Amino acid sequence: MSSSTASSLCGCSTAYYSSPLLAPKFKFKFPAKSQRPSLSTVEFRANPLTISSSLVNHRGKDGSCNSNRRRRGLLLTATLPFLLPLHEFVQDLGAKAESGMSDYLLMKEEVTKVVSKGKAASVLRLAFHDAGTFEMDDNSGGMNGSIVYELERPENAGLNKPLKACSILEKAKGDVNAIRPVSWADMIALGGAVAVSVCGGPNIPVPMGRLDSMEPDPEGKLPQETLDASGLKQCFQRKGFSAQELVALSGAHTLGTKGFGNPIVFDNSYYKILLEKPWQSSAGMSSMIGLPSDRALVEDDECLRWIKMYADNQNMFFEDFKNAYVKLVNSGARWRSL
């Protein structure tokens, strides 16, 4: 989002990378490249194939066999040898999915250990800034871990400070890597989801299997905090997001130091305070609440309609934020093959 907003499930080789752009105090591990998403958060189950005796031997009232049903039974029996390998294939997919779920739970456990309420805002912002570079026109940027090369950019100010964002997740990433390699893209996507949940927000199950980029994304792709509502909507439209999704994702500003309620509680205070427009008050620090882009939303009729809905209905906000966040962290992602 703005300067303040915005799967590791298969064995693979890893290599260490460092970047002069980062000058990091720690090394980043990146997995090998591939293309398709894993099924880490999906569980497949297949029921055993059975044949009803009524299909094979059904007789009418006169005692004669029903030829149509008999033919269906014979056809099913004839195709059974071809169906069984498919059944075994689905079972194999189920086994892979259950293994992926185990990896997902391991990652979530380690991330939860390091993302406290006080660190949540920074970790969530990292996810927005990594994914927020996505552009639909040329399918560039997005959730690819490239943020680790971009921490010194002015638009990412604050994310490279000690005990911030990447440094917070680096400990969890190292512990998971000791068992099997994991990408920065997955760690950051999951980190943002955990940041929301530990602060009382919705549980967001994000799919795993993203691959890391080996180079930074182009500069100037994040939404600028000085944009008016029209500019914000156009910017998000280029990234594939509607005005409603823009407003839902902006609710992430409820965490942190923007002045929207309790800085470590994820709720719908953002929208309630936007409606109050405290920046119009002459009473000291109240005029400092929010960014220009936040204030712009409440002046737009389309955005205002959603702001009012979310201010009145926190459950609706939670559901819409969850869906928009998953869409955000899947934007531009390249996926590991099965």
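The values are calculated or read from the model by the stated rules, or taken from the named source; none is laboratory data. Because the structure is a prediction, the values reported are computed rather than measured. Cβ coordinates were reconstructed from backbone atoms using ideal geometry, including for glycine residues, and neighbour counts include every protein chain displayed. Just so you know, the surface numbers come from the protein's heavy atoms only, side chains and all, with ligands and any DNA or RNA stripped out. Shrake-Rupley method; radii C 1.70, N 1.55, O 1.52, S 1.80 Å.
The set of residues in the stretch 141-156 that are in a loop (DSSP other than H, G, I, E, B) and either of a type in the set (D, E, K, R) or over 12 Å from ALA189 (Cα atoms) (or both) comprises GLY141, GLU150, LEU151, GLU152, ARG153. Restricting attention to the stretch 152-184 and to residues that are of a type in the set (A, V, I, L, M) and out of contact with any helix residue (DSSP H, G or I) (no Cβ under 7 Å at 6 or more places or on another chain), the residue that is farthest from LEU249 (Cα to Cα) turns out to be ALA178. Filtering the stretch 131-140 to residues that are buried (at least 22 other Cβ atoms within 10 Å of the Cβ) and either polar (S, T, N, Q) or outside any helix (DSSP H, G or I) (or both) leaves GLY132, THR133, PHE134. If I ask for residues that are closer than 11 Å to ARG125 by Cβ and open to solvent by less than 40 Å² (accessible area, probe 1.4 Å), which ones from the stretch 156-169 would you list? Within the stretch 156-169, ASN156, GLY158, LEU159, ALA165 qualify.
Of the residues making up the stretch 230-251, at least one is closer than 20 Å to GLY192 by Cβ, in contact with a Gly (Cβ under 8 Å, 6 or more places away or on another chain) and outside any helix (DSSP H, G or I).
Let's see how each residue does on (1) modelled with pLDDT of 95 or more; (2) out of contact with any strand residue (DSSP E or B) (no Cβ under 7 Å at 6 or more places or on another chain); (3) of a type in the set (Gly, Ala, Ser):
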position	(1), (2), (3)
SER102	no, yes, yes
LEU105	no, yes, no
LYS119	no, yes, no
SER122	no, yes, yes
HIS129	yes, yes, no
ASP138	no, yes, no
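Go through (1) more than 23 Å from the chain's Cα centre (by Cα); (2) open to solvent by 20 Å² or more (accessible area, probe 1.4 Å); (3) of a type in the set (Gly, Ala, Ser) for ALA311 and report which single condition fails. Just one mismatch for ALA311, condition (2). Go through (1) within 14 Å of the chain's Cα centre (by Cα); (2) open to solvent by 10 Å² or more (accessible area, probe 1.4 Å) for GLY231 and report which single condition fails. It is condition (1) that GLY231 fails.
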